[in-house]
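> Mind having a look at this structure? Questions to follow.
The values are calculated or read from the model by the stated rules, or taken from the named source; none is laboratory data. Here the structure is a predicted model, which is why all the values come from computation and not from measurement. Neighbour counts are summed over all protein chains in view; Cβ atoms, including those assigned to glycine, are modelled from backbone coordinates with ideal geometry. The protein model used for the area step is the full one, side chains on, heavy atoms only, and it has no ligands, DNA or RNA in it. Shrake-Rupley method; radii C 1.70, N 1.55, O 1.52, S 1.80 Å.
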Amino acid sequence: MVISKRLAAIPESYFGKTMGRKVEHGPLPLINMAVGIPDGETPKGIVDHFAEAVRLPENQKYGAFHGKESFKEAIVNFYQRQYNVELHKDDEVCILYGTKNGLVALPTCVVNPGENVLLPDPGYTDYLAGVMLADANPVPLNLSPPGYLPDWERVDKATLAHTSLIYLTYPNNPTGSTATSEVFDKTIKRFRGTQTKIVHDFAYSAFGFDAKNPSILASEHGKDVAIEIFSLSKGYNMSGFRVGFAVGNKEMIQALKKYQTHTNAGMFGALQDAATYALNNYDDFLEEQNATFKRRRDTFEARLAEAQLPFVHSKGGIYSWLQTPPGYDSEAFEQYLLKEQSILVAPGIPFGENGRHYVRISLALNDSDLEEAAERLASLAHLYDN
């Protein structure tokens, strides 16, 4: 088999292995609660604008490597409008061909071999690949329930002294925890003036059930320390479009942009036009998305609470984080749910060691399926009595 030693050393991507696979389940109709994207369609206005943009001759040729002025201006205006953050469209904005690309490429751009990179545990599974591709040293940033927030005083000082990059993600995938402005303020204050930089994965920015999710860049001196990676996939139901962007710290943004000049030749202009239209015209849709998933969260968690199942209260995002019964780790419980209840969930182990006794449940289902799933799960209360 022809494969480099570095690539061979990286574990298989959990979602790369599982998405689209044939699933064998029990006798009931399958309910897929492992899906990591909202279930709605892309708004018609965005799709129509994209279709029109495809026909434009200017979009049928190579475009500027770093994106259209109109798209970058829409990003700047969106961040000013939504988060009161000022950005320079050339120095502090980098267009991404799907945010995963930026999250995985970033260590190669800003971290040297052997330096520490802190990864949230639990946290998104594919950060690890980026660290290993950069030949850097991944170190777990242990997050604990119920808040799953970083406590910098509990992180080994010697480790921090050799840490170049820290990944954060709020709302957290998979736990549904959120961060306040005060959490970000403390983080920026802690690392300003050090060699350590922050990347905040803001993929689920639209979903804040108790309060609007803050941008880490809104903290004083935030751009001195951090970049933020924003996805259009979740809030706008545009996951198939593969469009996002990174904003913030100038040096990190310029490193990402240099990397992209060697790995990409400019994003398809029609995609940029569709994304521009979304950012400029669909603020109300983001609020509707949030209201939909808040209602789903409320209904689903109420049924679990009634059955006295142990779960982490979700404050944002599109997931519920359910503890496994005694005697089950997350992979064993995933298989039990699939065979006995015909429910497909994501095991917590791929999200880190602190996910070993949890499963991630997506709320991206229609009301009837979500209610049925809640009833099936509630019927398992006896498993937790041991």
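> Which lysines have a Cα less than 18 Å from the Cα of residue 212, not counting those fewer than 8 places away in the same chain?
234, 294, 315
> If you don't mind, another one. With the Cα gyration tensor of the range 315-376 giving a ≥ b ≥ c as the square roots of its eigenvalues, does the rule (a/c under 1.5 for rounded; else a/b larger than b/c for prolate; else oblate) give rounded, prolate or oblate?
Values: a/c = 2.28, a/b = 1.29, b/c = 1.77.
Since a/c reaches 1.5 but b/c is at least a/b, the shape of the range 315-376 is classed as oblate.
> How much of the accessible area of the range 266-335, probe 1.4 Å, is carbon plus sulfur, in whole percent?
Values: 1270 of 2800 Å².
Answer for the range 266-335 is 45 percent, counting heavy atoms of protein chains only.
> Between residue 262 and residue 250, how many nm apart are label points set 7 Å from Cα along the C-beta direction?
Between residue 262 and residue 250, the label points sit 2.3 nm apart.
> Mind pulling the angle between the C-alpha long axis of helix 99-110 and the longest principal axis of the chain? Nearest 10 degrees, somewhere in 0 to 90.
Between helix and principal axis, roughly 60 degrees.
> With a 1.4 Å probe and every protein chain left in place, work out the accessible area per residue of the chain in Å², rounded to a whole number. Intermediate results must be reported in sequence, preceding the final value.
On the way: 17170 Å² over 386 residues.
Accessible surface, normalised per residue, equals 44 Å².
> Taking amide H atoms as placed 1.01 Å from N in the peptide plane, list the residues 5 or more away in sequence, or in a different chain, whose amide H sits under 5 Å from that of residue 169.
So residue 169 has HN proximity to 201.
> Let me ask something else. Please turn the phi angles of the range 378-384 into ³J(HN,Hα) values with the Karplus equation 6.51 cos²θ - 1.76 cosθ + 1.60 (θ = phi - 60°), one per residue in order, whole Hz, x for glycine and proline.
Couplings: 4, 5, 9, 4, 4, 5, 8 Hz.
> In whole angstrom, note down how far apart the Cα centers of the range 242-317 and the range 190-230 are.
Comparing the Cα centres of the range 242-317 and the range 190-230, I get a distance of 14 Å.
> Something else about it: Taking the Cα centroid of the range 23-64 and of the range 324-386, what is the distance between the two, rounded to the nearest whole Å?
Value for the Cα centre distance between the two parts: 27 Å.
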